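J.: My questions will all concern the structure given below.
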Amino acid sequence: TYPVGDGVIKAVDDVSFGVHSGEFVALVGPSGSGKTTMLAMLAGLLSPTSGSIVIDGENVTEMKEKERSRFRRRKIGFTFQANNLVSFLSVLENVELMLRLNDERNAATKERARELLTLLGLGDKLDVLPRQLSGGQQQRVAIARSLINRPSVVLADEPTASLDTERAFQVVETLANLVH
């Protein structure tokens, strides 16, 4: 809930669901219905007013901020509506950023980054800076970054919004294949 003036907005209210390993789930609803708030809570970026969030048997809502941050880096792949790419890092370096944060960058993970980018149609853009890419290409870099550490959960907030139909289908298909 969020306080607004004299009242309270219930962004997410009375929600309960489970997702099993290998499942591909879409959270749909009209604009302003709480989808982004729900994803932010699942990622441990926001704490729910009440209730709990359990991922891989770990209660995210009981973790201290530092633990949640470490948990996110290891277990959650998140693609935001805004790409959140680092402007001075190349495409490849942006994808490898999560590996660096987890101290997991090596030859094998660097090759995985290249493979993901190639799979998403960006194999020829590895050394390019984000500002040299279209919005759709930037979104695909963000998607590759969210998948690089083989997370337990991948959360994508409108991952195909800035993509043409062909690329949108390719991204959904790639996400589904990687999940399965």
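J.: Where the accessible area of region 40-165 is counted over protein heavy atoms with a 1.4 Å probe, how much of it, in %, is carbon and sulfur?
T.: About 47 percent, which is the carbon plus sulfur part of the accessible surface.
J.: Also, quick follow-up: Just going by the charge dipole of the chain, with Lys and Arg at +1 and Asp and Glu at -1 on Cβ, which of Ile76, Thr37, Leu163 is farthest out on the positive end?
T.: Ile76
J.: Show log10 I(q)/I(0) for region 87-128 at q = 0.16, 0.22, 0.26, 0.31 Å⁻¹, two decimals, from a solvent-free Debye sum over equal Cα scatterers.
T.: Debye curve over Cα of region 87-128, log10 I(q)/I(0) at q = 0.16, 0.22, 0.26, 0.31 Å⁻¹: -0.36, -0.66, -0.88, -1.10.
J.: Now a separate question. Check Leu155: other-chain or 5+ apart residues with amide H under 5 Å from its amide H, H built from backbone geometry?
T.: Long-range HN contacts for Leu155: Gly77, Phe78, Thr79.
J.: Can I ask one more? Taking 7 Å along the Cα-to-C-beta vector as the label spot, tell me the Ala82-Ser31 distance in nanometres, rounded to one decimal.
T.: Calculated label separation equals 1.7 nm.
J.: Hey, got the Cα dimensions of region 80-180 along the principal axes, in Å, largest first?
T.: Extents along the principal axes: 35, 33, 22 Å.
J.: Separate question: Calculate, axis by axis, the spread of Cα positions in region 8-92 along the three principal axes, and write the results as whole Å, longest axis first.
T.: 42, 31, 31
J.: Using the crude model of +1 on Lys and Arg Cβ and -1 on Asp and Glu Cβ, and no other charge, please compute the dipole size for region 56-180 relative to its Cα centre, in debye to 20.
T.: 380 debye
J.: Same structure, new question: For the chain, what Kirkwood radius comes out of the mean inverse Cα-Cα distance, in Å?
T.: 17.3 Å
J.: Right, another one. Residue farthest toward the positive end of the dipole of region 46-180, with Cβ of Lys/Arg at +1 and Asp/Glu at -1: which of Gln137, Leu178, Thr61?
T.: Farthest towards the positive pole: Thr61.
J.: Let me ask another. Could you identify which residue out of Leu92, Leu27, Leu116 has the top mean-square fluctuation in a GNM of the chain using Cα springs shorter than 10 Å?
T.: Leu27
J.: Antiparallel DSSP bridges in the chain: what percent, to the nearest 5?
T.: Bridges in the chain are about 55 percent antiparallel.
J.: Still on this structure, I have one more. Between Arg131 and Val54, what is the spin-label point distance in nm, taking each point 7 Å from the Cα along the Cα→C-beta axis?
T.: 4.8 nm
J.: Grab the beta carbon distance between Glu67 and Val172, set R0 = 30 Å, and tell me the FRET efficiency rounded to 0.05.
T.: In this case the efficiency is close to 0.40.
J.: In degrees from 0 to 90, rounded to the nearest 10, what is the angle of the helix 91-101 Cα long axis to the longest principal axis of the chain?
T.: Tilt relative to the chain: about 50 degrees.
The values are calculated or read from the model by the stated rules, or taken from the named source; none is laboratory data. Computed from a prediction, not measured in an experiment: that's the story for all the values here. No Cβ is skipped: glycine too gets one built from the backbone with ideal geometry, and neighbour counts run over all protein chains shown. Protein only, heavy atoms only, side chains kept; ligands, DNA and RNA dropped before computing areas. Shrake-Rupley method; radii C 1.70, N 1.55, O 1.52, S 1.80 Å.
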